[in-house]
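The values are calculated or read from the model by the stated rules, or taken from the named source; none is laboratory data. Just so it is clear, the structure is predicted and the values come from calculations on it, not from any experiment. With ideal geometry, Cβ positions are generated from the backbone for all residues, glycine too; neighbour counts draw on all protein chains shown.
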Amino acid sequence: MAAALELSRQSEADRKRREEEAFEAEVARAMAESRREERCHPPYPLKIEFPLLGVSEFVGLWRGVEARIGHATSVMEKSSLVKEGNARVSSRSQEKAQYGRLLFGATQKVIEILDIKRDETFVDIGSGIGNVVMQVACTVGCASRGLELMPDRVFVGSRILTDLEYLVSERGWGMGDCDFKQGNLTHEKKYCDIADAAFVNNFEEVFGARSAKTGSDSLDRHVASIFAAMRPGSRMLTLEPLTSLGLSRKEANLRRKDKKNDLASFFEVSEHSLSPARYEWHDEDVEPVASWSTKSSEITAYLYLRTEQHSEDGPMYLCSNHRCQGFVAPTLALDDETRMLVDRCVYCDTPRRIPRQSSSSSSSLSGRKRAAAAAAAPPS
Ligand SMILES: C[S@@+](CC[C@H](N)C(=O)[O-])C[C@H]1O[C@@H](n2cnc3c(N)ncnc32)[C@H](O)[C@@H]1O
């Protein structure tokens, strides 16, 4: 009996290995082909004016893409193409680039919270295989962009996009324009400037303690600087709070005992919940939030809104030191040259205040838990 069980376990493992090898071989073939012919175009031009796809229709098309490629997304994710980067990357600014995917239902919630409009531009900063980018393009119809460090993740995403565009146009539907850029968010801040709405899946410190390199600014700090440079009215949703932004306008004004000084800070923040839920496209009881999470876990998302300020110069803030000139005279929160958030008041050198952590924030992990998160297996 034990021997039979062992045999079936081995043959299951062999089957999985063969599937992964087949996927990798197919991608290697496709990569060679795509070097010859940049991109295969859909059979009919994608429609400019088009009815929007619902999430179920999008999921149906995604399954169609998997059938055309011959592999489920979960199989593609087990290939070394997608996994590379989870253990180590060669970058001056980070140790790892950990992968994990937001599932369809939670992505739809992200779209609702960000309130993305059809005439806006969406950017997923750290877009993995581009699933969020493509869902936004299909269900909102707006221009949708993805910035991703790992070239092979961009490659897998582009392969999926080619088939998705094919299926969309074959059925006479349309979708927003999609673009994936391979690059490092620490250097490609300009690529994100165009965003009216941005998403960052930095869950469980993957842009913080779990990827950080000693002596470098964390990716979260770069993301906060990207947000600060976005236009007033734009939004960013993250799965960890961006503490380096400092105090929100509401919190800064509370501490100043001021009512509505729009120069006290350049943003507002609110918390939202992403929870597992029942969806028609999901066979089992509930769909988890993300590819790495269990059915029951809920994730807090942080919505940052760039507020209007009576200033043309960029994001401004007021110093918290009431004896300082900067308490009444606003200064720039973003360094012109480095495009990073400033740490201290230019007048009195007082550090910018960091917000209090909410109880739901996973960044309030204890030191021991934080170390465990840093050492834990990647969320893939
Ligand atoms: C947790 S995954 C999220 C994927 C996708 N946004 C989603 O939610 O389904 C984070 C992604 O950020 C990418 N990433 C990490 N460091 C990056 C950097 N410096 N620049 C651009 N992308 C980065 C990783 O390679 C990884 O694919």
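Couple of notes before you dig in:
To keep it simple, each residue is scored yes or no on (1) without any contact (Cβ under 8 Å) to a residue 60 or more places away in the chain; (2) farther than 19 Å from VAL156 by Cβ; (3) among the basic types (Lys, Arg).
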position: LEU52; (1), (2), (3): no, yes, no
position: VAL59; (1), (2), (3): no, no, no
position: ALA67; (1), (2), (3): yes, no, no
position: VAL75; (1), (2), (3): yes, no, no
position: LEU81; (1), (2), (3): no, no, no
position: GLY85; (1), (2), (3): no, no, no
position: GLU95; (1), (2), (3): no, yes, no
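- Options THR121, THR107; residue that is over 27 Å from PRO288 (Cβ atoms) and at pLDDT 95 or above: THR121
- Within the stretch 108-120, tally of residues that are under 21 Å from TRP173 (Cα atoms) and either without any contact (Cβ under 8 Å) to a residue 24 or more places away in the chain or part of a helix (DSSP H, G or I) (or both): 3
- ALA87 satisfies every condition listed in (1) among the small types (Gly, Ala, Ser); (2) within 13 Å of the ligand (Cβ to nearest atom); (3) crowded, with 20+ Cβ neighbours inside 10 Å except (3).
- Hey, LYS190 at pLDDT 95 or above, surrounded by fewer than 21 Cβ atoms within 10 Å (Cβ to Cβ) and within 14 Å of the ligand (Cβ to nearest atom) or not: no
- Summed over the stretch 121-160, the residues that are closer than 14 Å to THR107 by Cα, over 14 Å from the mean Cα position of the chain (by Cα), among the β-branched types (Val, Ile, Thr) and not in a loop (DSSP other than H, G, I, E, B) give a count of 1.
- GLU271 fulfils the conditions (1) within 16 Å of the ligand (Cβ to nearest atom); (2) outside any loop (DSSP other than H, G, I, E, B) except for a single criterion, (1).
- Scoring ALA212 on the criteria (1) among the hydrophobic types (A, V, I, L, M, F, W, C); (2) touching a helix residue (DSSP H, G or I) at 6+ places or on another chain (Cβ under 7 Å); (3) farther than 20 Å from ARG101 by Cα leaves a single failure, condition (2).
- Qualifying residue in the stretch 139-150 (condition: at pLDDT 95 or above, within 14 Å of the ligand (Cβ to nearest atom) and aliphatic (A, V, I, L, M)): yes
- Within the stretch 292-318, being of a type in the set (A, V, I, L, M, F, W, C) and part of a loop (DSSP other than H, G, I, E, B) holds for TRP292, LEU318.
- Residue count for the stretch 237-264, restricted to those that are outside any helix (DSSP H, G or I), under 20 Å from ASP335 (Cα atoms) and touching a residue at least 60 places away in the same chain (Cβ under 8 Å): 5.
- Which listed residue, of ARG153, ARG145, is closer than 22 Å to GLN94 by Cα and either basic (Lys, Arg) or surrounded by fewer than 20 Cβ atoms within 10 Å (Cβ to Cβ) (or both): ARG153
- Reported count of residues in the stretch 315-334, each being within 24 Å of the chain's Cα centre (by Cα) and either of a type in the set (A, V, I, L, M) or surrounded by fewer than 20 Cβ atoms within 10 Å (Cβ to Cβ) (or both), is 2.
- Count of the stretch 193-235 residues, restricted to those that are modelled with pLDDT under 90, polar (S, T, N, Q) and either within 24 Å of THR307 (Cβ to Cβ) or within 14 Å of the ligand (Cβ to nearest atom) (or both), is 3.
- All of (1) buried (at least 18 other Cβ atoms within 10 Å of the Cβ); (2) closer than 27 Å to THR162 by Cα; (3) within 11 Å of the ligand (Cβ to nearest atom); (4) not aliphatic (A, V, I, L, M) hold for CYS178 with one exception: (3).
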